[in-house]
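> My questions all concern the structure below.
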Amino acid sequence: MTDRANTLLDARRERLERLLGRPLAAPALEGGAPLTKESRRYLFGEAEDLYWNELEWEHITDEEALEEGPITQMTFPGFLAFIRGLLLHEVMPDSIAPANPRPEVVVDLMTFLARRVVELEEDLATPADGESAKLRAELEMTSQLLDLVLYEFHGVASDDVERLEAGGQASA
């Protein structure tokens, strides 16, 4: 599954580069000391918990459900805020702590999301009774979430994101 997940992630990046007409830049690890394995694992675990909790909350409440399906940005607000925090490069002048971006954790999370998309696709091939609609919704949300994280990671401008999302061409 890892090979399929990596292929999926690479294909999404290539598609974005083609649609934007420019190469995507990855954020650099700035100045600070590298994360310990424990810290990296902790940050990853916190984000993964946000994913599962926000997904389960959506299943329980259907709060963000529309006719077309749930609104991914509103289904995963904590997860996306966490991603933005991990990529934060600037803080307010009066902040007591400097910006300390951790793009390596976001790379881990993109891999997690890509693996989850592959897992959901496999589960949809042989769904349990009554699970098909739930799996399709999870697949759509997770796929869109992967795109949103890619946009954040590569610093895709909001007007480009709107253009990509309006065309529905980001994920394929």
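The values are calculated or read from the model by the stated rules, or taken from the named source; none is laboratory data. Remember, predicted model here, so these are calculated numbers, not experimental data. Virtual Cβ from ideal backbone geometry, glycine too; neighbours counted across all protein chains shown.
> I'd like the full set of residues that are at pLDDT below 95, in a helix (DSSP H, G or I), within 19 Å of the chain's Cα centre (by Cα) and surrounded by fewer than 17 Cβ atoms within 10 Å (Cβ to Cβ), limited to the range 41-73.
Initially, the range 41-73 is screened for residues at pLDDT below 95, giving 53-73.
Retained after the next criterion (residues that are in a helix (DSSP H, G or I)): 53-61, 72-73.
Remaining after also requiring within 19 Å of the chain's Cα centre (by Cα): 53-59, 72-73.
Listed by number, the residues that qualify are 53, 56, 57, 59, 73.
> Okay, next question. Restricting attention to the range 88-111, and to residues there that are in contact with an Asp or Glu (Cβ under 8 Å, 6 or more places away or on another chain) and crowded, with 18+ Cβ neighbours inside 10 Å, which single residue is nearest to residue 152 (Cα to Cα)?
Restricting to residues being in contact with an Asp or Glu (Cβ under 8 Å, 6 or more places away or on another chain) and crowded, with 18+ Cβ neighbours inside 10 Å, the top hit is 106.
> Only one residue in 85, 130, 78 is under 22 Å from residue 27 (Cα atoms) and without any contact (Cβ under 8 Å) to a residue 24 or more places away in the chain. Which one?
Working: 130 fails: under 22 Å from residue 27 (Cα atoms); 78 fails: without any contact (Cβ under 8 Å) to a residue 24 or more places away in the chain.
The conditions single out 85.
> Within the bounds of the range 161-172, is there any residue that is of a type in the set (A, V, I, L, M), over 18 Å from the mean Cα position of the chain (by Cα), under 16 Å from residue 71 (Cβ atoms) and at pLDDT below 85?
Here is the first cut: in the range 161-172, the ones of a type in the set (A, V, I, L, M) are 161, 164, 166, 170, 172.
Checking which are over 18 Å from the mean Cα position of the chain (by Cα) leaves us with 166.
Those left that are additionally under 16 Å from residue 71 (Cβ atoms): 166.
Among the residues that remain, those that are also at pLDDT below 85 are: 166.
Yes.
> Need a quick list: helices (runs of 4 or more DSSP H) entirely within the range 75-172 having at least 1 residues that are more than 29 Å from residue 35 (Cβ to Cβ). Break it down stepwise before answering.
Numbers: elements: 77-86, 103-125, 132-153, 158-167.
Result: 103-125, 132-153, 158-167.
> Could you check, for the range 124-132, whether at least one of its residues is modelled with pLDDT of 85 or more, surrounded by 14 or more Cβ atoms within 10 Å (Cβ to Cβ) and under 24 Å from residue 16 (Cβ atoms)?
Let us first name the residues in the range 124-132 that are modelled with pLDDT of 85 or more, namely 124-126, 131-132.
Retained after the next criterion (residues that are surrounded by 14 or more Cβ atoms within 10 Å (Cβ to Cβ)): 124.
If we keep only those that are under 24 Å from residue 16 (Cβ atoms) as well, we get none.
Scanning the range 124-132, I find no residue that is modelled with pLDDT of 85 or more, surrounded by 14 or more Cβ atoms within 10 Å (Cβ to Cβ) and under 24 Å from residue 16 (Cβ atoms), so the answer is no.
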